[in-house]
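Undergrad: Before anything else, here's the structure in question.
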Amino acid sequence: MQVKRFGVSLENELLKSLDQLVIKHKFPNRSQAIRYLINKNIVEDKWEDNEDVAGAIVLVYDHHKRDLQNKSTDLQHDYHDLILSVQHVHLDHDNCLETIAVKGKATKLKNLADRLIALKGIKHGQLVMSTP
Ligand code: NI
């Protein structure tokens, strides 16, 4: 891919903030930090505008709560057209980590994530909003 150079004028404080971002995220240079910010913004806009997006729903729960697993499976079947894959990892004696890869309209993915995360017994849940 062709790379173009351009000059950027920034106030001192903003430049300081950019350099702090470079350090915090261990970016090799300012260009990589600017790429990161632009892409982050594009992804956020796509989710806000209800475009076709992709991401992952991460759930941690106690598998001894049988009812929870049934409800989660029912929900996942209701939204089967959005789900690409499900990875289940047994973290320890009690806890399971489930990563559900999803793709579709942003509002639908948010709905599914909200309903899964709200299930009684979920210890932690998060929707990772990403997109190609
Ligand atoms: Ni498990």
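Undergrad: Which numbered condition trips up His77, out of (1) open to solvent by 100 Å² or more (accessible area, probe 1.4 Å); (2) touching a residue at least 40 places away in the same chain (Cβ under 8 Å)?
TA: Every condition holds for His77 apart from (2).
Undergrad: Among the residues of the stretch 80-109, which ones are more than 14 Å from the ligand (Cβ to nearest atom) and free of Cβ contacts under 8 Å to residues at least 40 places away in the same chain?
TA: Hits for the stretch 80-109 are His80, Asp81, Leu82, Ile83, Leu84, Ser85, Lys108.
Undergrad: Same structure again: Quick one: is Asp19 of a type in the set (Asp, Glu), surrounded by 10 or more Cβ atoms within 10 Å (Cβ to Cβ) and farther than 28 Å from Gly125 by Cα?
TA: Yes.
Undergrad: Going by the conditions given, is Leu119 touching a helix residue (DSSP H, G or I) at 6+ places or on another chain (Cβ under 6 Å) and either farther than 30 Å from Ile42 by Cα or in a strand (DSSP E or B) (or both)?
TA: Taking the combined requirement at face value, the residue satisfies it.
Undergrad: For the stretch 39-65, how many residues meet the condition of being more than 12 Å from the ligand (Cβ to nearest atom) and either open to solvent by less than 50 Å² (accessible area, probe 1.4 Å) or among the charged types (D, E, K, R) (or both)?
TA: The number of residues fulfilling the criteria is 16.
Undergrad: Continuing with the same structure: Asn70: among the polar types (S, T, N, Q) and farther than 30 Å from Asn111 by Cβ, yes or no?
TA: no
Undergrad: Regarding Ile100, is this residue under 22 Å from Ser130 (Cβ atoms), out of contact with any strand residue (DSSP E or B) (no Cβ under 6 Å at 6 or more places or on another chain) and β-branched (Val, Ile, Thr)?
TA: So Ile100 does not fit the description; no.
The values are calculated or read from the model by the stated rules, or taken from the named source; none is laboratory data. Computed from a predicted model, the values in this text were never measured in an experiment. As a convention, Cβ positions derive from the backbone with ideal geometry for all residues, glycine included, and neighbour counts pool all protein chains shown. The protein model used for the area step is the full one, side chains on, heavy atoms only, and it has no ligands, DNA or RNA in it. Shrake-Rupley method; radii C 1.70, N 1.55, O 1.52, S 1.80 Å.
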